[in-house]
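Each remark here refers to the structure printed beneath this line.
The values are calculated or read from the model by the stated rules, or taken from the named source; none is laboratory data. Please read these numbers as outputs of a predicted model, since none were measured by experiment. All Cβ positions, glycine included, derive from the backbone under ideal geometry; neighbour counts span all protein chains shown. Heavy atoms of the whole protein, side chains included, go into the accessibility calculation; ligands, DNA and RNA do not. Shrake-Rupley method; radii C 1.70, N 1.55, O 1.52, S 1.80 Å.
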Amino acid sequence: MIAICNFKLNKNNQAVKYLNKLEELRGLYQYGSIDYAIAQFYVASENKVKVEQHLLKALAAGHLYTNQTFQNDPHFIEYKNTPFFKNIMTFWN
């Protein structure tokens with residue numbers, strides 16, 4: 001979220017710094033949480049390709065569908081009705 005705030009404030013160097021710190025947190029049992037957070041950042045920076053890549057990585061790594069994620073996450077409202085997002089919602093079915 002700090003990276004998103006910095007990006008919105010046109011502090012791109014700071015945003016990249018926090019994204020790099022997020023990448024450094026990767027471990028064996030993150031279950032897609034890092035990629036999910038990075039996808040949220042790319043929504044804010046309007047990079048649809050990166051959003052899709054990181055959401056797929058998050059799902060493949062085991063990020064769970066919850067009441068606060070994916071279709072219920074305010075970050076992804078504009079993607080909610082796209083064919084890509086509909087495929088994501090049925091990824092494990």
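Per this entry, Tyr79 is counted among residues that are over 10 Å from the mean Cα position of the chain (by Cα), touching a residue at least 12 places away in the same chain (Cβ under 8 Å) and crowded, with 16+ Cβ neighbours inside 10 Å.
Evaluation of Gln53 against the conditions (1) at pLDDT below 95; (2) part of a helix (DSSP H, G or I) shows that the sole unmet condition is (1).
When the stretch 25-46 is filtered for residues that are in a loop (DSSP other than H, G, I, E, B), open to solvent by 40 Å² or more (accessible area, probe 1.4 Å) and within 19 Å of Thr66 (Cβ to Cβ), the ones remaining, listed by number, are Tyr29, Gln30, Tyr31.
This table checks each residue for (1) of a type outside the set (A, V, I, L, M, F, W, C); (2) touching a residue at least 40 places away in the same chain (Cβ under 8 Å); (3) closer than 19 Å to Asn93 by Cα; (4) touching a strand residue (DSSP E or B) at 6+ places or on another chain (Cβ under 8 Å).
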{"position": "Asn10", "(1), (2), (3), (4)": "yes, no, no, no"}
{"position": "Ala39", "(1), (2), (3), (4)": "no, no, no, no"}
{"position": "Tyr42", "(1), (2), (3), (4)": "yes, no, no, no"}
{"position": "Val51", "(1), (2), (3), (4)": "no, no, no, no"}
{"position": "Ala60", "(1), (2), (3), (4)": "no, no, yes, no"}
{"position": "Gln71", "(1), (2), (3), (4)": "yes, no, yes, no"}
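Among the residues of the stretch 47-65, those identified as closer than 25 Å to Glu24 by Cβ and surrounded by fewer than 17 Cβ atoms within 10 Å (Cβ to Cβ) are Asn47, Val49, Lys50, Gln53, Lys57, Ala60, Ala61, Gly62, Leu64.
For the stretch 5-24, the set of residues classified as part of a loop (DSSP other than H, G, I, E, B) and not charged (D, E, K, R) consists of Leu9, Asn10, listed by residue number.
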